[in-house]
Amino acid sequence: MIVLKFGGTSVGSSSAIRRVGSIIQERLEKQPFVVVSAVGGVTDRLFELRDLCLEKQAWEDSFASLCGIHRTILEELELDVQLVDGLLEELKGLLGELAAAGECTPRMLDHLVSFGERMSSRLVAGHLQTLGIESCAVDAFDAGLVTDGRFQRARPLDDVNSRIQEACRSLTGVVVATGYIARDEEGNITTLGRGGSDYTASIFGAALGSEEIQIWTDVDGVMTADPRIVENARPLATLSFEEAAELAFYGARVIHPATMIPAVDKDIPIRVLNTHRPDFPGTLILADLAEDARGVKSITSKSHVSVVNVVAPRMLDQYGFLARVADVFSRFEVVVDIIATSEVSIAFTTQGGGRLDSAIDELKEFCRVDVYHDREQISVVGEDIRDRIGFASEVFDVLGELKVNVELISFGATRINLSFLVGEGQAADVVRGLHKRLFES
Ligand code: ADP
Ligand code: ASP
Ligand code: MG
């Protein structure tokens, strides 16, 4: 069997869903298990609705347009326009409660944003049925996807594979499961984090013994850079799991960083494909690359990175300082990206998350802390780049030409990643400059 995951734009309109229908139809002999994201833009809109409710602003028009988006697709697909009315009613009730309470707990937020995928899965399964394909829409939690209770960043329980196998045994036809959402053991709806449907696909792929996990999106695969930043970016034929995980973690939105974990476990290849060009082979992500497929692969960037600089002169010559600082970040669940150290100070980069402010308050109890926000982080990724003589100088040469100052560097921690920090608003030019030098000359 194979798992096929379709992202937001791939299910973003009736014509997109028709394309998805033919992709699935042509792969029926592979026994597809389908995972879908919410209709493009719907999850963002659900977050906006939360904001409107909390700010005591009128949310009814925005809700009505959300209803309109789904009903128009249903109508154009010649399905029952009332197919998701039950879910829309439930959503409306929840919005009313939020507005009245004036608060939205993390638990309520995951319940709220779950409606996107719960509706899109019904649209896609409904369309498959009109094509004469036996199909059912299933909420991932009814297909065994149970997580811990960490709302907005839940992770599957250790025994998720057996739960999924058990729950899926009774399902027949092409299953269209919701991406992104799950449930904890108490029955609360949880989510895997923004962009988490890719992760859902690989969780199901690993549990069900998929021969390949296919991530269908709106570009030709994982590319040498984000095509929205670099016009000449081109698709990559292959990537290693490690390269893909680094790229995703360091900002390439095309695939969720956790997607590789279940695939590595079961050694299942992931393929990133373009819904608009189903015959294009896309990018194959697998465990080992041939020698000639190594080398620099892709440049990625992320913004809104904070640097936390911890200075403690009295710690000179003492051990245990780094552990103490790391312990604070761990307790406040702050994810650290890059670390650079000197004799009396340590610099960390983070995209926030967790409770960064509280962590900083605690650090201030035993050292001086300077924080700089809105830095931009650039990563160049590729197997073995660490071992290529002259590679780093080529990268920094470009920065010199662009007159961009490097604020922090991380190189050598893995064979495959060179990351550095630049000032606000500089990343796009640097990515373009590096792309030109590394891929276009
Ligand atoms: P989906 O809705 O299908 O999950 P996303 O919007 O999450 O799609 O991811 C696809 C987008 O990722 C592309 O449109 C592209 O702009 C962006 N992207 C960022 N970095 C890369 C990269 N290295 N290769 C391909 N796409 C990238
Ligand atoms: N719909 C969710 C989001 O927009 C999950 C996903 O698309 O993967 O983040
Ligand atoms: Mg995505």
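Computed quantities for the displayed model
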{"item": "Gaussian network model of the chain, Cα within-10 Å springs - most flexible of SER65, SER197, SER210", "result": "SER65"}
{"item": "Size of electric dipole in segment 73-142: Cβ of Lys, Arg +1 and of Asp, Glu -1, about Cα centre, debye, nearest 20", "result": "180"}
{"item": "Whole-Hz couplings from phi, Karplus 6.51/-1.76/1.60, listed for segment 117-127; x for Gly and Pro", "result": "5, 5, 7, 4, 5, 5, 4, 5, 5, x, 5"}
{"item": "Segment 326-373 and segment 141-162: distance between their alpha carbon centers, rounded to Å", "result": "29"}
{"item": "Loop-located trypsin sites (Lys or Arg not before Pro) in segment 150-210 whose Cβ has at most 16 other Cβ within 10 Å (DSSP)", "result": "ARG150, ARG169, ARG194"}
{"item": "Lys/Arg +1, Asp/Glu -1 at C-beta; segment 124-241 dipole; positive extreme among LEU171, ILE213, ALA154", "result": "ALA154"}
{"item": "Degrees separating the helix 391-402 axis from the principal Cα axis of the chain, which is the longest one", "result": "90"}
{"item": "Segment 1-29 versus segment 242-288: alpha-carbon centroid distance in Å", "result": "18"}
{"item": "Average Cα contact separation per residue, segment 182-340, under 8 Å, 6 or more apart, as relative contact order %", "result": "24"}
{"item": "Cut-off 10 Å between beta-carbons: net charge of the residues surrounding LEU157, Lys and Arg +1, Asp and Glu -1", "result": "-3"}
{"item": "Relative contact order [Cα under 8 Å, 6+ residues apart], segment 112-264, whole percent", "result": "20"}
{"item": "Neighbourhood net charge (13 Å Cβ-Cβ; Lys/Arg +1, Asp/Glu -1) for PRO235", "result": "+1"}
{"item": "For q = 0.14, 0.22, 0.24 Å⁻¹, Debye-computed log10 I/I(0) when each Cα of segment 102-194 counts as one equal scatterer", "result": "-0.52, -1.04, -1.15"}
{"item": "GluC sites (Glu not before Pro) restricted to DSSP loop in segment 205-301 with at most 11 other C-beta within 10 Å", "result": "GLU231"}
{"item": "Segment 338-441 - charge dipole about Cα centre, Lys and Arg +1 at Cβ, Asp and Glu -1, debye rounded to 20", "result": "220"}
{"item": "GNM flexibility winner over the chain from LEU112, LEU54, LEU247 (Cα, springs under 10 Å)", "result": "LEU54"}
{"item": "Residues whose placed amide H lies under 5 Å from that of LEU157, excluding near-sequence neighbours", "result": "VAL146, THR147, ASP148"}
{"item": "Spatial extent of the chain: Rg and Dmax, with the Cα atoms as the point set, Å", "result": "23.0, 73"}
{"item": "Alpha-carbon spread of segment 229-340, three principal axes, descending order, Å", "result": "62, 35, 28"}
{"item": "Percent of beta bridges antiparallel (DSSP, the chain, rounded to nearest 5)", "result": "60"}
{"item": "Cα-Cα over 22 Å, subset of LYS403/LYS436; LYS30/LYS266; LYS297/LYS403", "result": "LYS297/LYS403"}
{"item": "Rounded to the nearest 20 debye, dipole of the chain from Cβ charges on Lys, Arg, Asp, Glu", "result": "360"}
{"item": "Sequence-distant residues sharing a close amide H with ALA177 (under 5 Å, placed H)", "result": "VAL34, VAL35, VAL36, VAL138"}
{"item": "Computed over the chain: relative contact order in percent, which uses C-alpha pairs under 8 Å that are six or more apart", "result": "13"}
{"item": "Of the GluC sites (Glu not before Pro) in segment 360-395, those whose Cβ has at most 11 other Cβ within 10 Å and which sit in DSSP loop", "result": "GLU365"}
{"item": "The chain: most fluctuating residue of THR349, THR341, THR300 per GNM, C-alpha cutoff 10 Å", "result": "THR341"}
{"item": "Pairwise centroid distance, computed over Cα atoms, of segment 50-65 with segment 411-440, Å", "result": "40"}
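Laboratory data are not the source of any read-out in this text; all were calculated from the coordinates shown. The shown structure was predicted, so the numbers you read here are calculated from the model rather than taken from an experiment. Every residue, glycine among them, receives a Cβ derived from its backbone with ideal geometry; neighbour counts consider all protein chains shown.
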